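The values are calculated or read from the model by the stated rules, or taken from the named source; none is laboratory data. Predicted model, so just to flag it, every value in this text is computed and none were measured. Every residue, glycine among them, receives a Cβ derived from its backbone with ideal geometry; neighbour counts consider all protein chains shown. Remember, those area values only see protein heavy atoms, side chains included, never the ligands or the DNA or RNA. Shrake-Rupley method; radii C 1.70, N 1.55, O 1.52, S 1.80 Å.
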Amino acid sequence: MTIGPDFAAVLAAAKSGDTDAITVLYRTLNPALLRYYRANAARVAEDLAQEVWLSAAPRLNSFEGDEQQLKAWFFTVARRRLVDHWRATGRRVNEIHDEIEPAADDDPSARL
């Protein structure tokens, strides 16, 4: 979904705090963010998408560009949040694996 020719007006209104314009941006961008996160971190997709909005929305006033550039900017933020998530959970996963005892030789799950 795209905003199209009305993008500049929607962006200007969103920058001035117009909630209807912000809603248009949200409804346009958030479904793609959720698809991205569901493919890469399904359990926390909603949380990560909201982190993107919380990070990007206050800086919207400084954004200059067209609709494609706005999408690219949002997905740059999204990628950074995903990497942060992987780093944080990676540490916890390693700690959990250190505590797990290996399966016994006769355990059927050891053959998987």
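Looking across the stretch 3-35, the residues that are open to solvent by 40 Å² or more (accessible area, probe 1.4 Å) and touching a helix residue (DSSP H, G or I) at 6+ places or on another chain (Cβ under 6 Å) come down to LYS15, ILE22, VAL24.
Do we have ALA56 as touching a residue at least 40 places away in the same chain (Cβ under 8 Å) and in contact with a helix residue (DSSP H, G or I) (Cβ under 7 Å, 6 or more places away or on another chain) here? No, not satisfied.
Count of the stretch 33-75 residues, restricted to those that are within 17 Å of LEU11 (Cβ to Cβ) and more than 9 Å from the chain's Cα centre (by Cα), is 18.
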